[in-house]
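Data first, discussion second: the structure below is written as structure tokens.
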Amino acid sequence: MAAHAKTSYVCLPCRASYKQSYDSDRQRICPRCAQPLIHAGSAFAAPRRRDIAAWRTLSVLLNAGVAFHKSCCGGPGYRPRTLREARERVAYARPTGEPVARALVRCDAP
């Protein structure tokens, strides 16, 4: 059996990240609160636990289905770094019909 690459799983309520082997068939549970973990991707770098603003922004991204996977250029591509940037893109997506996940990863602000 081949070894699986490590990927990050996140618990938003605990503001915690865990590197584990990827297995799409297995639900991961937070060891702190026993809530399901969210798959964040192999290129994810967790903010500091006390950086509440960064975790709020991350919450918008992960709940919209945006993950942090490596691309052909080595990184996950553009991701909003502030809640304001994320809100601007979500507000743009609503009237235009663009999927929120796609609007969130736009590098050009609408």
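Results, tabulated for the structure shown:
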read-out: Among the residues listed as SER8, SER17, SER24, SER42, the single one being among the polar types (S, T, N, Q) and over 14 Å from the mean Cα position of the chain (by Cα); value: SER24
read-out: Count of residues meeting criterion [in a loop (DSSP other than H, G, I, E, B), surrounded by 15 or more Cβ atoms within 10 Å (Cβ to Cβ) and either modelled with pLDDT of 85 or more or acidic (Asp, Glu) (or both)] in segment 72-97; value: 2
read-out: Flag for ARG50 being over 20 Å from LEU104 (Cβ atoms) and either open to solvent by less than 60 Å² (accessible area, probe 1.4 Å) or among the charged types (D, E, K, R) (or both); value: yes
read-out: Some residue of segment 37-44 being in contact with a Cys (Cβ under 6 Å, 6 or more places away or on another chain), open to solvent by less than 60 Å² (accessible area, probe 1.4 Å) and assigned to a loop (DSSP other than H, G, I, E, B); value: yes
read-out: Given (1) assigned to a loop (DSSP other than H, G, I, E, B); (2) closer than 18 Å to PRO76 by Cβ; (3) open to solvent by 40 Å² or more (accessible area, probe 1.4 Å); (4) not charged (D, E, K, R), index of the condition SER17 fails; value: (1)
read-out: Some residue of segment 20-30 being free of Cβ contacts under 8 Å to residues at least 12 places away in the same chain and buried (at least 16 other Cβ atoms within 10 Å of the Cβ); value: no
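The values are calculated or read from the model by the stated rules, or taken from the named source; none is laboratory data. Bear in mind that the values here come from a model prediction, so they are computed numbers and not experimental data. Glycine gets a Cβ as well: all are built from the backbone with ideal geometry, and neighbour counts include every protein chain shown. Please note that ligands, DNA and RNA were not included when accessible areas were found on the heavy atoms of the full protein model with its side chains. Shrake-Rupley method; radii C 1.70, N 1.55, O 1.52, S 1.80 Å.
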